[in-house]
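Only the coordinates and a few stated rules stand behind these numbers; no lab work does. Since this is a predicted model, take the numbers as computed values, not measurements. As a convention, Cβ positions derive from the backbone with ideal geometry for all residues, glycine included, and neighbour counts pool all protein chains shown.
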Amino acid sequence: MVAESKYQLNDFKLRLIGIPFFSFVIPMIVHFDDFTKMNYGYAVAVIISFCTTVALWEGNRFIILRMRQRFSNYSQTTKRIILESVFAMLYTLVATFLLDEVLCKGILHKDGNLLGFRISLVPTVLVYLVYEATYFFEAWKTNVRKTESLMREGVQSQLEVLKNQLDPHFLFNSMNTLAALIDDTNTDAQQYLERLSDVYRYVLVSRNKNTVLVEEEIAFLDAYVYLNKIRFRDNLLVEKNISPETYRKHVTPLSLQMLIENAIKHNVVSKENPLRILIQQEGDQYLVVENNIQEKAIMEKSTRVGLQNIINRYGLLTERRVQVIEDGAMFTVKIPLISQLI
């Protein structure tokens, strides 16, 4: 992780070189005769140019910083650049007008006639191009890294889910359940098979997506919980408390299923000790999955790959982090809700 905020500008060297460069070059071009003679007029022009360059550079740098904070998404690039251009033009016009009034009239006793604005326009545009080109290149590299990481995490997620679903325990339990249910008139068996197909269909459909609607994930989760309740009956209690608005939010695919699966895998589920799982929202920021802790006497070996995979995927999609809380009685995982499809 980069410690420096993404909104900071690592441009110390650029300013250290750029400000003196324009401070000397612009007077050299505008006052070439004084430059060749190296007289008092050129020295004064350099001082005025330095003050103007510092004021314009730092002011426009502030505009760039604020625009990147306000419009940080890639989809807002056009809007950001347009607003940057408008504010830069206005600031440059006002700043050079005031500097002309103070410096040209106050020191040189000349009427500026917006000369400073006309002279400053070209270097201001050049500096903006340097900042934008650097920002675009860094954003491009970041997006490439994120895309590659998301692909790796997506593949890992698919492998983990398929491995768990194809685990011999799961298959044998499913087959034993079917053997007990199948009958010519047994609608339960038909429904079980339908839910089983729903689970595998969702895994296949969502495998190439970074996020899915909460509504879709919950529908898939209902099918998955149904399969497990056939096995555990009322010993597995799953309650949902989610508002209609939250169903239009997005989460990473299979994340809720992984959390439910982990809860079943690591805890006793029996008539004497039913496993209670609650899925609820926390404002409009998080979806919370919590279960009572009643660890098995003989714990299954866990690599925690599933939970770590969820954490990694969210780390690539949002600045809000997955929160894992264990207080001895309850195990809670809070996953961020994402407002738009990614």
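Key figures for this structure:
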read-out: Extension gain, ARG321 back to GLN340 (0.36 nm per residue minus Cα-Cα distance, nm); value: 5.2 nm
read-out: Sequence of THR246, THR124, THR142 once ranked by neighbouring C-beta atoms within 10 Å, starting from the fewest; value: THR142, THR246, THR124
read-out: Residue order, fewest to most beta carbons within 10 Å, for LYS209, LYS249; value: LYS209, LYS249
read-out: For VAL238, residues with placed amide H under 5 Å, excluding near neighbours; value: ILE277
read-out: Least to most buried among TRP140, TRP57 (fewest other Cβ within 10 Å first); value: TRP140, TRP57
read-out: Region 208-268 - percent relative contact order, Cα under 8 Å, separation 6 or more; value: 56
read-out: Label point distance in nm, VAL44-LEU181, each placed 7 Å from Cα along Cα→Cβ; value: 9.5
read-out: Pairs beyond 24 Å (Cα-Cα), from LYS229/LYS249; LYS141/LYS209; LYS249/LYS271; LYS209/LYS249; LYS146/LYS209; LYS141/LYS334; value: LYS229/LYS249; LYS249/LYS271; LYS141/LYS334
read-out: Rg in Å to one decimal, and Dmax rounded to a whole Å, for region 166-336 via C-alpha atoms; value: 16.4, 53
